[in-house]
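What follows is a single structure, written as structure tokens, with notes after it.
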Amino acid sequence: MKAVFAKGLLNALVSILGASVIIFVISRLSGDPVALMLPMDAPQSAINALRQELGLDRPIWEQFLLFLWKAVHGDFGQSYRWQMPALALVLERLPATMFLATAAFAFSLALALPLGVLSAVYRGSWVDQIGRVIAMLGQAVPSFWVGLILILVFAVTLQWLPAFGADGVRHVILPAIALGWYPVAAQTRIIRSGMLEVLDSDYIRMGRSVGTPERLLIWKYAFRNALLPLVTIMGVYFASMLSGAFVVETVFAWPGLGRTVVEAVFARDYPVVQAGVLITSILFVLSNLLVDLSYSIIDPRIRP
Amino acid sequence: MSVIPASTPVTAAVGITPRPSLFRFRLKGVPWLPLLILLLIIVSAIGGESIPPQDPNGLNLAAAFRPPFWQAGGSYEYLLGTDNLGRDVLSRIIAGARVSAIVALYAIVFSGAIGTMLGIIAGYFGGIVDALIIRIAEIMMAIPSLALALIISASMAPGLSTVVVVIVLTYWTWYCRIIRSEILSLRERDYVSFAKIAGCGPLTIFFRHLLPNIFNTLLILMTLQVGQVILFEASLSFLGLGIQAPDTSWGLMLADARQYITYAWWGITMPGIVIMLTCLSSNLIGDWLRDLLDPKRRQL
């Protein structure tokens, strides 16, 4: 168990380190950030001073080590636009994104679990067909468009829910549906095939033959085992929601990490973009790691 | 059980199942409607300027916010209505097909080629080469694709080439991992060993013995990628990081129409429906190809 943990942690660290290399390299591709930070007619002396201050006159590997050293200490530099440390800004916006992602995740599970189980139990029935249609549609529409249509129907036409902002539970409903819509398809399919497999197993047949009520068989004995494959992939979906939040937050003006980074891209606020992307990557890697670890705890069969 | 048709090949009787190939499919179950929709998109992409009924970039403020033809105030001149600058929505959708097609073509060819090559190399040579390639792929996957897109867009000027670069950087890992695992089992086959003994170099083995065997998988992966590429391009363009005006794309149309959502519902509805139909079609065709060519992967 300890070995699994150590190996997973090491892999995660290497991935994060690699991600920071990529982020560093790409952000240096643009050439001289100083040219973008100073006005066009800045005197050469000011340019040189800023280059020196940012360490841009040193060799590239030294710059990278400096970037890494600072990043490890939580220093991504000052946000040009917000006049505060980039990391502090990103961390300040993170809880709103986590709240949205959790709500979206809850929505997708609330839809996928019953749909998956029912379409396995009543295989080939109209429930199964509905599940199939939702799955196909869910993977064919961009999440921001789901958001726009939700705004059009529930905010503009019916005026039931607010279209943007973040002020209480009513505001999270539409963005959570938009963000949670995409993974419903895959989750339903995983639950369905898991259930079909379990329902076909000997112990379910045994339970049925000794007269165990069908409801108990499905929801107590089969469902719990069918959940396992979903758990393995749950981290991936939670992580993909952090990524999807970039778009959905922009649609709903949700004051989270995603919208902040998108705005920073337009404002050429590099420290915020770097900090935001690196924090997202770290969360992405960590949630995958957590799932790997929890999987070996939940399912004793795959423990080494 | 269905009755075995008289034309069943002799091989079936001997117990060797003939490998289903693209050229022997049955007409039953062919997704005609999705194929037709994709064909329409491709024709619009190739046809370019000659197909749209109106000039997709023609400004006509007098005709701004015309609703689709079936609503009061709409006309047959502008079938799906007009946007805030009086441009015909249908014509812009047709013009936007070209961008989607170009992005999908480049992105799929490049990410497919890079991913397949690296996958073959990793799977065939194994050892440290394999470890290195897989490690790089894992690192690329550690950065969420949209986050990667944001940081690239912050450094490069946004545009069609940025979109393609982002998609290639994101998707090559997908091909790489799947092709690698196929190669891992293929390289243990006898015919590969025989080829090696006969003195074939790695290149000959790649192109003559391995590539033909992963062709089916590649075809399926590429078809399924079409929908994802189109969604990705739409998201990037919607954020303003993808296609830039005066070019047009479906994502950009949605971004433009977003501000006028309260009085022009068709502006955000029509391009989205086209995106949906395109993705749905390519996904359905991909699923069909998978069932046809690779029954093992069929989902329950």
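The values are calculated or read from the model by the stated rules, or taken from the named source; none is laboratory data. Given the structure is predicted, the values throughout are model-derived calculations rather than measurements. Ideal geometry is used to build each Cβ from the backbone, glycine not excepted, and the neighbour counts take in all protein chains shown. We work out accessible area using only protein heavy atoms, side chains counted, and drop any ligands, DNA or RNA first. Shrake-Rupley method; radii C 1.70, N 1.55, O 1.52, S 1.80 Å.
A compact table of results
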{"quantity": "Efficiency of FRET between residue A:91 and residue B:263 - r from beta-carbon atoms, R0 35 angstrom, step 0.05", "calculated": "0.30"}
{"quantity": "Cα gyration tensor category, rounded, prolate or oblate, for chain B with a/c compared to 1.5", "calculated": "oblate"}
{"quantity": "Calculated P(r) tail over 17 Å for region A:202-256, as whole % of Cα pairs", "calculated": "59 percent"}
{"quantity": "Cα gyration tensor shape of the protein assembly as shown, rounded if a/c is under 1.5, else prolate or oblate by comparing a/b with b/c", "calculated": "rounded"}
{"quantity": "Mean residue ellipticity (222 nm) of chain A, computed from DSSP H runs ≥ 4 via -39,500 (n - 2.57), nearest 500", "calculated": "-25000 deg cm²/dmol"}
{"quantity": "Using alpha-carbon coordinates, inclination of helix B:211-239 to the longest axis of chain B, degrees", "calculated": "20 degrees"}
{"quantity": "Probe 1.4 Å - accessible area at residue B:169, Å² to nearest ten", "calculated": "60 Å²"}
{"quantity": "Whole-percent pair-distance distribution, where bins are 10 Å wide, for the alpha carbons of region A:92-268", "calculated": "10, 33, 29, 18, 8, 2, 0"}
{"quantity": "The protein assembly as shown, accessible area per residue, ligands and nucleic acids excluded (1.4 Å, Å²)", "calculated": "49 Å²"}
{"quantity": "Accessible area that becomes buried as A packs against B, both chains, 1.4 Å probe, Å², nearest 100", "calculated": "4000 Å²"}
{"quantity": "Residue among A:93, A:123, A:58 with the largest mean-square fluctuation in a Gaussian network model of chain A, springs linking Cα atoms under 10 Å", "calculated": "A:58"}
{"quantity": "Which of A:70, B:196, A:7 is most accessible, then next, and so on - probe 1.4 Å", "calculated": "A:7, B:196, A:70"}
{"quantity": "Radius, Kirkwood style, for region B:194-287 when every pair of distinct Cα atoms is counted (Å)", "calculated": "16.1 Å"}
{"quantity": "GNM top mover of A:267, A:96, A:49 - chain A, alpha-carbon springs below 10 Å", "calculated": "A:49"}
{"quantity": "Cα-projected label distance for residue B:60 with residue A:282, points at 7 Å along beta-carbon direction, nm", "calculated": "5.6 nm"}
{"quantity": "Calculated FRET value between residue B:84 and residue B:194, using beta carbons and R₀ = 41 Å, to 0.05", "calculated": "0.05"}
{"quantity": "Anchor residue A:7: aspartates and glutamates whose Cα lies under 14 Å away (excluding residues fewer than 8 positions away in-chain)", "calculated": "A:292"}
{"quantity": "Interface residues, region B:148-170 - accessible area loss of 30 Å² or more versus chain alone, probe 1.4 Å", "calculated": "B:150, B:151, B:154, B:155"}
{"quantity": "Burial order of peptide ranges A:211-222, B:148-159 (average beta-carbon count within 10 Å, highest first)", "calculated": "B:148-159, A:211-222"}
{"quantity": "Counting all C-alpha pairs of region B:250-292, share separated by more than 13 Å (%)", "calculated": "58 percent"}
{"quantity": "Share of carbon and sulfur in the accessible heavy-atom surface of the protein assembly as shown [1.4 Å probe, %]", "calculated": "67 percent"}
{"quantity": "Cα gyration tensor category, rounded, prolate or oblate, for region A:76-164 with a/c compared to 1.5", "calculated": "prolate"}
